[in-house]
Each structure stands twice: as C-alpha cells, then as structure tokens.
1. Only one residue in Pro153, Pro163 is away from ligand 1 (no atom under 16 Å from the Cβ) and without any contact (Cβ under 8 Å) to a residue 12 or more places away in the chain. Which one?
2. Identify, from the list Leu267, Leu221, the residue that is part of a strand (DSSP E or B) and within 16 Å of ligand 3 (Cβ to nearest atom).
3. Could you figure out which of (1) within 17 Å of Val5 (Cα to Cα); (2) open to solvent by less than 70 Å² (accessible area, probe 1.4 Å); (3) out of contact with any Leu (no Cβ under 9 Å at 6 or more places or on another chain); (4) not hydroxyl-bearing (Ser, Thr, Tyr) isn't true of Ala37?
4. Have a look at Gly262, Gly239, Gly244 and point out the one that is open to solvent by 20 Å² or more (accessible area, probe 1.4 Å) and under 22 Å from Met88 (Cα atoms).
5. Restricting the search to the range 76-104, which residues are open to solvent by less than 10 Å² (accessible area, probe 1.4 Å), of a type in the set (Gly, Ala, Ser) and either under 18 Å from Thr2 (Cα atoms) or within 16 Å of ligand 3 (Cβ to nearest atom) (or both)?
6. Kindly list, by first and then second residue, each pair from a residue in the range 87-101 that is closer than 25 Å to Glu36 by Cβ to a residue that is acidic (Asp, Glu) and part of a strand (DSSP E or B), limited to pairs with Cβ atoms under 6 Å and residues at least 6 apart or on different chains.
7. What are the pairs, 6+ residues apart or on separate chains, where a residue within the range 233-256 that is of a type in the set (D, E, K, R) has its Cβ under 7 Å from a residue that is part of a helix (DSSP H, G or I)?
8. Could you please let me know if Leu139 is at negative phi, in contact with a Pro (Cβ under 9 Å, 6 or more places away or on another chain) and not polar (S, T, N, Q)?
Amino acid sequence: ATLSVIGVPCDAGAGTFGAAMGPDALRVAGLIEGLEALGCTLIDQGNLSGPKKLRPVEQAGLRNLAEVIQWCETTRDAVLSALSIPSMPVVLGGDHSLAMGSIAALAQYCQQTGKNLHVLWLDAHTDFNTELTTPSGNLHGMPLSCLCGYGPPALTGLAGFAPILSPAQITQVGIRSVDAAEKRFVHEQGIEIYDMRRIDELGMPAVMRSILSKLDANTHLHVSLDVDFLDPDIAPGVGTAVLGGPTYREAQLCMEMIAESGCLGSLDIVELNPAYDIRNQTAKLIVDLVESLLGKSTLIRRA
Ligand code: DIR
Ligand code: MN
Ligand code: MN
Ligand code: MN
C-alpha cells in the first residue's frame, strides 16, 4: 500500500498543551521506518502549519474555535490531496478536533466514489459534547457531534454538505468517560457503543467480530485512534488519561482483526502528548500497534 503521512501539530482543541508534539514523537519512535519495513510505500508530507496555542485562554463557549476551524480546513485539504494521489491518509495529531477535517475529506471522497464510509472511533471518551453540554469548552470533546450536524456551521459544513456523518456510520470502542449531559445526547443519537463494560462482558474478539462482520467489500473504514483509548498503565503519554482501558493484548487483537478485515482505508492517530510520556514509550507502543493495523503478524496464519 502507498501511505501519505500527514503531521497535524495542533492543540487548539485540547485543554492541555503538548499534543502538538505528537507527530514528531511518532517519527522519533520510528513510525516511518516501521511501516516501510512492512513493505508499505511511505510519502511523508511533513507537518502542516497552523495557529500555535502559546498560552491557555480562558474563554466561555467554544475555546479556540477560529484556530480549530483553520486546522480542520488545512487537514481536510491535505487528506483530499493524499486520497487523490491515490494513497491511504495517515494523519498524526494533534488533538482529536482535527478528525473533523480528516473525516470531512473522507465523506467527500466516499460520496464521489460511491464507497460506504464507516468510522471506528477508538477512545476513552465519546467526543459527543456540544456547546450546550460541554463542561470544558474544549473542541476535542465535540468532533463527533459536529460531524453529525450539531455545532458551529464552519465545522458542521467542512465537507460542503451536512451532516457529514449519520450516527449509523459510527462505532465506538473503549468508552469509559462520558460527561453527564453528553451521556443523554449520545444515547438519543443511537450510536453503536462498545464501552468498557461491554468489552468486559463480551471480550474483545467478539466485539471486533461483531463490528467487522457488518462491513462489506465496498466499505472505506476510517479508524480514528485516540491514544487515551489504551490503558494509561501502558500509554501514559496523553492529556486526559482514564483508568481501565484495553490492555496491550486486547489492543493488539483489535488492530490485527481490523487489518484482516481488509477494509482499512485511512487512519488518525491523535492525542499523543509527549509532555506526559515516559521516554517516548507511548509513541513506541503506537508504532507497534499501527504496524499490526497495517498487517504485521507474528506468524503466517492458516485460514
Ligand atoms: C471531555 C474530555 N469529555 C470534554 N474529552 C476528551 O472536555 O469534553 N476527549 N478528552 O478525548
Ligand atoms: Mn479521548
Ligand atoms: Mn477523542
Ligand atoms: Mn516486540
């Protein structure tokens, strides 16, 4: 496969600094070399530029909205040109608000090519807050609500049509932190959510089998991997760690099963925060997992 790696060093959507260092930490951890070793052709587009957040802003409502809009538009355009090469976009964040830009591009692309877009959202958080429900004002807690049409027009309209996604196009895995008002809203939307409780009860293999069995050969699967999906014991390098996430083995299995589906079309890796990491261990773990997502396996598996 040919992959376009796009660094998006933004932290305008987050409450803490540091996610802007994510793309470089992933390169230092060997992401490019690791994927090349798998036989992928890599086009490293470097890092996009955009507004820097130099100090925290106290702001009511949607914090750093203008900056987030700018980053999302730049990300959307970079993902569209990666798709047109053609190549598989791999977006290195940056905070999770950038997924509005990458997914807007994918929605446009799938509309033009007649593909079915499905988004697999791997995260501790549902990211379905709105201006009315958010306790923080941070836009990285709102990308999915904006993509579903609830938010400021500059974000809900990033694809040129709205809503960009319907709830039926989203599946969430790993959820264990939902704000009080967000909980009611996400419930009303009817999104398929495999929270940690369901993963505990069913087991990761059954969860992934159930998700992947619903995809067909015409599906473009977009994986939006928030690093806080992982248990903080193995992945401390995030701004909003939540106890009780998937273990190393569960995460590996999740990645390997996605790879075997053959549906993977694009990837965001977001919320890696090197300022909270220990000797870049979280970045190295992500490189390991992304290798599995792109087909690395221990053995040649028999059918
Ligand atoms: C929280 C945190 N739900 C918020 N969200 C995060 O601020 O809206 N998402 N960290 O990844
Ligand atoms: Mn999260
Ligand atoms: Mn997130
Ligand atoms: Mn190893």
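1. Being away from ligand 1 (no atom under 16 Å from the Cβ) and without any contact (Cβ under 8 Å) to a residue 12 or more places away in the chain holds for just one of Pro153, Pro163, which is Pro153.
2. Numbers: Leu221 fails: within 16 Å of ligand 3 (Cβ to nearest atom).
That would be Leu267, the only listed residue that is part of a strand (DSSP E or B) and within 16 Å of ligand 3 (Cβ to nearest atom).
3. Unmet condition: (2).
4. Exactly one residue qualifies, and that residue is Gly262.
5. Correct list: Ala82, Gly93, Gly94, Ser97, Ala99, Gly101, Ser102.
6. Val91/Asp268
7. Partner pairs satisfying both residue conditions: Glu250/Met204; Glu256/Ser292.
8. Values: at negative phi: yes; in contact with a Pro (Cβ under 9 Å, 6 or more places away or on another chain): no; not polar (S, T, N, Q): yes.
Answer is no for this residue.
The values are calculated or read from the model by the stated rules, or taken from the named source; none is laboratory data. None of these values were measured; they are calculated from a predicted model. All Cβ positions, glycine included, derive from the backbone under ideal geometry; neighbour counts span all protein chains shown. To get the accessible areas, we keep the full protein, side chains included, count just its heavy atoms, and leave off ligands, DNA and RNA. Shrake-Rupley method; radii C 1.70, N 1.55, O 1.52, S 1.80 Å.
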